[in-house]
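Below: the structure, in structure tokens.
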Amino acid sequence: MSIHNYIITLVLSFSFLSCNYKKKANSITKNSNTDLQIDHFNIWVKNPKTSKEKLVDIGFVSVPDSLSGIHDGQGTSGKYFYFLNGYLELIFVYNQNEFEANNLINKELDFKERANFYVNGASPFSIALKLKDYKSEKIPFEKISYHQNWMEKNMTIFSAKNSKTHLKEPSVFIVYPEIESQVFESLTDLQNFPSEDDFWKDFFKHPNGAKKITNIIVSSTDLDLNTETMKSINRIENTTIKNGKEHLMELYFDNNIQGKSFDLRPDLPLIIYL
């Protein structure tokens with residue numbers, strides 16, 4: 001699972017989320033019939049260095065490895081790419097022993113299956129959601145609660161129960177408000193955001209011009225699109241889960257204003273549209 005607040009507060013040494021300064025900003029999607037919104041995306045990868053380089057090579061800025069947090073107690077880490085209205089995490093097993101120990105404790109979670117996607121054919125994608133006016137009872141599908149060492153005390157993430165039993169589906173989970181990703185209306189809005197250190201703002205400024213994620217399509221094989229989890233995701237405007245010939249994520253930035261596309265397969269099951 002991704003840990004935006006963990007990285008920002010413990011690694012970048014400032015607090016995005018505890019600041020009293022609040023700005024109105026667009027989320028990834030404009031929801032008309034659901035309280036769910038996209039917070040960020042994960043892609044499980046076997047070769048994180050190669051996968052990261054594929055994105056850097058087409059003009060994305062990555063959070064430096066020295067500043068990327070380890071998910072304490074979970075045995076995983078990530079490579080992070082930040083945008084004005086969300087972020088992408090390449091997640092991977094960092095400590096095999098810790099990872100296996102965590103799976104023994106959290107047997108209802110799908111970490112083990114997702115990390116072994118290249119063996120078992122599971123979807124390597126995770127979709128992290130945030131919930132408007134957050135209350136766990138409002139989550140519209142069966143869920144499993146869990147707590148990890150990297151989380152704040154007494155805080156809980158809710159994972160879709162289907163994520164363990166329906167491995168062709170993308171994994172789905174709900175973040176609690178304290179770790180929701182910050183969103184910004186524009187680069188100017190970002191630049192004006194008050195903080196003691198501004199170096200982190202450079203991680204949002206990509207040489208290829210990408211600013212906002214404006215459409216997301218996730219394809220998986222043999223999907224049952226009638227599960228409550230998948231129906232909930234497909235109610236989110238500009239977010240589509242569909243059946244396809246392979247596991248594939250397509251991310252559109254700024255409504256594909258540049259008319260460019262980059263197919264990163266086979267190293268990464270991802271197509272980027274700029």
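Has region 161-171 got any residue that is part of a loop (DSSP other than H, G, I, E, B), touching a residue at least 40 places away in the same chain (Cβ under 8 Å), open to solvent by less than 20 Å² (accessible area, probe 1.4 Å) and on the phi < 0 side of the Ramachandran plot?
Taking region 161-171 and keeping what is part of a loop (DSSP other than H, G, I, E, B), we get 161, 166-170.
Still in the list and also touching a residue at least 40 places away in the same chain (Cβ under 8 Å): 161, 166-170.
Narrowing the set further to residues that are open to solvent by less than 20 Å² (accessible area, probe 1.4 Å) leaves 169-170.
Next, from what is left, pick out any that are on the phi < 0 side of the Ramachandran plot: 169-170.
Within region 161-171 (the criterion being part of a loop (DSSP other than H, G, I, E, B), touching a residue at least 40 places away in the same chain (Cβ under 8 Å), open to solvent by less than 20 Å² (accessible area, probe 1.4 Å) and on the phi < 0 side of the Ramachandran plot), the answer is yes, since at least one residue qualifies.
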| said: Which condition from (1) at pLDDT 95 or above; (2) open to solvent by 30 Å² or more (accessible area, probe 1.4 Å); (3) part of a helix (DSSP H, G or I) is the one that Arg114 breaks? | reply: (2)
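Of all residues in region 123-140, which are in contact (Cβ under 8 Å) with a residue 60 or more places away in the chain and either over 21 Å from Phe99 (Cβ atoms) or out of contact with any Leu (no Cβ under 7 Å at 6 or more places or on another chain) (or both)? Reasoning before the result, please.
At the first step, the residues of region 123-140 found to be in contact (Cβ under 8 Å) with a residue 60 or more places away in the chain are 123-133, 138, 140.
Across region 123-140, the qualifying residues are Pro124, Phe125, Ser126, Ile127, Ala128, Leu129, Lys130, Leu131, Lys132, Asp133, Lys138, Pro140.
On the basis of being part of a strand (DSSP E or B) and open to solvent by 60 Å² or more (accessible area, probe 1.4 Å), does Lys211 make the cut? I'd like the intermediate steps shown before the answer.
Working: part of a strand (DSSP E or B): no; open to solvent by 60 Å² or more (accessible area, probe 1.4 Å): yes.
No.
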| request: Taking Gln182 as meeting all but one of (1) in a strand (DSSP E or B); (2) within 16 Å of the chain's Cα centre (by Cα), write down the number of the exception. | output: (1)
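Looking at Asp197, Asp133, Asp222, Asp202, can you tell me which residue is closer than 29 Å to Lys112 by Cβ, open to solvent by 10 Å² or more (accessible area, probe 1.4 Å) and either assigned to a loop (DSSP other than H, G, I, E, B) or not β-branched (Val, Ile, Thr) (or both)? Step through it out loud before you land on a result.
Values: Asp197 fails: closer than 29 Å to Lys112 by Cβ; Asp133 fails: closer than 29 Å to Lys112 by Cβ; Asp202 fails: closer than 29 Å to Lys112 by Cβ.
That would be Asp222, the only listed residue that is closer than 29 Å to Lys112 by Cβ, open to solvent by 10 Å² or more (accessible area, probe 1.4 Å) and either assigned to a loop (DSSP other than H, G, I, E, B) or not β-branched (Val, Ile, Thr) (or both).
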| Restricting to region 236-256, what's the tally of residues that are out of contact with any strand residue (DSSP E or B) (no Cβ under 7 Å at 6 or more places or on another chain) and surrounded by 14 or more Cβ atoms within 10 Å (Cβ to Cβ)? | 1
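From the list Val183, Val119, which residue is surrounded by fewer than 18 Cβ atoms within 10 Å (Cβ to Cβ) and among the aliphatic types (A, V, I, L, M)?
Values: Val183 fails: surrounded by fewer than 18 Cβ atoms within 10 Å (Cβ to Cβ).
Val119 is the lone residue from the list that is surrounded by fewer than 18 Cβ atoms within 10 Å (Cβ to Cβ) and among the aliphatic types (A, V, I, L, M).
Residue under question is Val93, and the condition is that it be open to solvent by 40 Å² or more (accessible area, probe 1.4 Å) and more than 18 Å from the chain's Cα centre (by Cα); does it hold? It would help to see each step written out before you state the result.
Details: open to solvent by 40 Å² or more (accessible area, probe 1.4 Å): yes; more than 18 Å from the chain's Cα centre (by Cα): no.
For Val93, the condition - open to solvent by 40 Å² or more (accessible area, probe 1.4 Å) and more than 18 Å from the chain's Cα centre (by Cα) - is not met.
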| query | Among (1) over 26 Å from Lys138 (Cβ atoms); (2) open to solvent by less than 10 Å² (accessible area, probe 1.4 Å), which single condition is Met230 missing? | reply | (1)
| said: Taking the criterion of being in contact with a Leu (Cβ under 8 Å, 6 or more places away or on another chain), farther than 18 Å from Gln74 by Cβ, assigned to a loop (DSSP other than H, G, I, E, B) and of a type outside the set (Phe, Trp, Tyr), would at least one residue in region 141-152 satisfy it? | reply: no
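Restricting to region 260-274, and then to whatever is in contact (Cβ under 8 Å) with a residue 12 or more places away in the chain and assigned to a loop (DSSP other than H, G, I, E, B), can you tell me which residue is most open to solvent (accessible area, probe 1.4 Å)?
Checking each candidate, the answer is Lys260.
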| Would it be correct to say that Ser62 is open to solvent by 10 Å² or more (accessible area, probe 1.4 Å) and either assigned to a loop (DSSP other than H, G, I, E, B) or within 23 Å of Lys168 (Cβ to Cβ) (or both)? | yes
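The values are calculated or read from the model by the stated rules, or taken from the named source; none is laboratory data. Given the structure is predicted, the values throughout are model-derived calculations rather than measurements. No Cβ is skipped: glycine too gets one built from the backbone with ideal geometry, and neighbour counts run over all protein chains shown. Ligands, DNA and RNA are excluded from the accessible area calculation, which covers all protein heavy atoms including side chains. Shrake-Rupley method; radii C 1.70, N 1.55, O 1.52, S 1.80 Å.
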